[in-house]
Amino acid sequence: MNVSVLYLFGLIALGWTARKYRVAGERVERAFNWYLFYFAVPCLTVVKIADTSFAGLGLRFVALNLLPVLAAMMFVYAGWRTGLFPLPFARLLMIASGLGNTVYLGFPVVSMNLGPGSIGYAAVVSSLQNVFVFTFGFFFLGLMRGGDAPAAGAGSLVVRNAILWSSLAGLGLSYSGYELPGLLHGIMANVGATTLPLSLFTIGLGLYGRPLGRDLGKVWWIAGLKMICVPAVYMGLALLAGFGGTASKTTFLQMAMPPAVLNYVIAREFGFDADLVSQSIVLCTLLLFPMLFILGPAMKLLP
């Protein structure tokens, strides 16, 4: 795990340095994000899922992926009902607690600690969490006072989610037994291979200049719920169910990922506190590095 932490930190620091000294600016960051989101990550996702055998996972795998996120959402809803969380923060926390950076950070972390073959599982975990947030998460938002979550906006975000659709395409290939033609598979594999280093570099570009220091209490609520409570609930359920192996360890690491940049897009779309979301993304991403030294030994507790 130590080498993985240094590798992650080094590439992110390189991106931050490039932005600081104007080697790469905002336009470069946007271009890299566009390329990653619509080309590199979908290619990697389709190839890795199509090449991964999911025999024996079934409903237990799905349930153990969704129950910890559901528990977090129910906690936030109960916190709002009892007055622990004010409405604006509760609506923000509802989404941020379930929508983690399972691709740009999750894929590299999983690959470096469990091997490239685990990315297929990581992609499925990411897809399940995306679907759950955009269904049950927005259902809970609609139950809260202060107006319903705009259904049209949520639907638009789902339609534009290339990572989700590429995951579904990979699953279709995997279960159908259809193999991609050799040339197409090779092209997609090579494009997908650019994902891991470039995603970390792009995270570094995005972290530069982000605000810190305001509403740290709320940021710690987001960090604690998303990066500690959710993976802890998963660990307990997986141990009770006796669910282990690479798929289980992959899920555990994905559960512990910090909030995704997509949370910022949702915040802007639905009028949440976008600055608070931005701060939580920065702080939680930085918090991941010391946490990796804990996640490694904890992961070994799984069967």
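The values are calculated or read from the model by the stated rules, or taken from the named source; none is laboratory data. All of these numbers come straight from a predicted model, not from anything done at the bench. Every residue, glycine as well, gets a Cβ built from its backbone with ideal geometry; the counts of neighbours run over all protein chains shown.
Condition test on Gly236, is it of a type outside the set (A, V, I, L, M, F, W, C) and at pLDDT below 95? Here the answer is no, as Gly236 does not meet what is asked. Helices (runs of 4 or more DSSP H) fully within the range 245-303 that include at least 2 residues being in contact (Cβ under 8 Å) with a residue 24 or more places away in the chain and among the aromatic types (Phe, Trp, Tyr): 274-299.
Could you tell me whether any residue of the range 195-209 is farther than 29 Å from Phe32 by Cβ and buried (at least 17 other Cβ atoms within 10 Å of the Cβ)? No, every residue in the range 195-209 fails to be farther than 29 Å from Phe32 by Cβ and buried (at least 17 other Cβ atoms within 10 Å of the Cβ). Inside the range 225-240, residues that are surrounded by 14 or more Cβ atoms within 10 Å (Cβ to Cβ) and of a type in the set (Gly, Ala, Ser) make up a count of 2. Taking the numbered list (1) touching a Cys at 6+ places or on another chain (Cβ under 8 Å); (2) within 25 Å of Val46 (Cβ to Cβ) in turn, Leu198 passes all entries but (1).
With respect to the conditions (1) part of a helix (DSSP H, G or I); (2) over 20 Å from Gly242 (Cα atoms); (3) at pLDDT below 90, Cys43 falls short on a single one, namely (3).
When the residues of the range 210-224 are filtered to those that are part of a helix (DSSP H, G or I) and not small (Gly, Ala, Ser), the one that is surrounded by the most Cβ atoms within 10 Å (Cβ to Cβ) is Ile222. Within the range 6-18, residues that are farther than 10 Å from Pro197 by Cβ sit with their Cβ atoms under 6 Å from residues that are among the aliphatic types (A, V, I, L, M) and not in a helix (DSSP H, G or I), at 6+ positions apart or across chains, in these pairs: Ala18/Ala24.
Output the residue which, of all residues in the range 164-183 that are surrounded by 13 or more Cβ atoms within 10 Å (Cβ to Cβ) and free of Cβ contacts under 8 Å to residues at least 40 places away in the same chain, is farthest from Asp51 (Cα to Cα). Only one residue fits best here, namely Leu164. Across the range 80-99, the number of residues qualifying as of a type outside the set (Val, Ile, Thr) and either under 16 Å from Ala223 (Cα atoms) or touching a His at 6+ places or on another chain (Cβ under 6 Å) (or both) comes to 11. Just one of the listed residues (Tyr104, Tyr77) is aromatic (Phe, Trp, Tyr) and either modelled with pLDDT of 90 or more or out of contact with any Ser or Thr (no Cβ under 9 Å at 6 or more places or on another chain) (or both), namely Tyr77.
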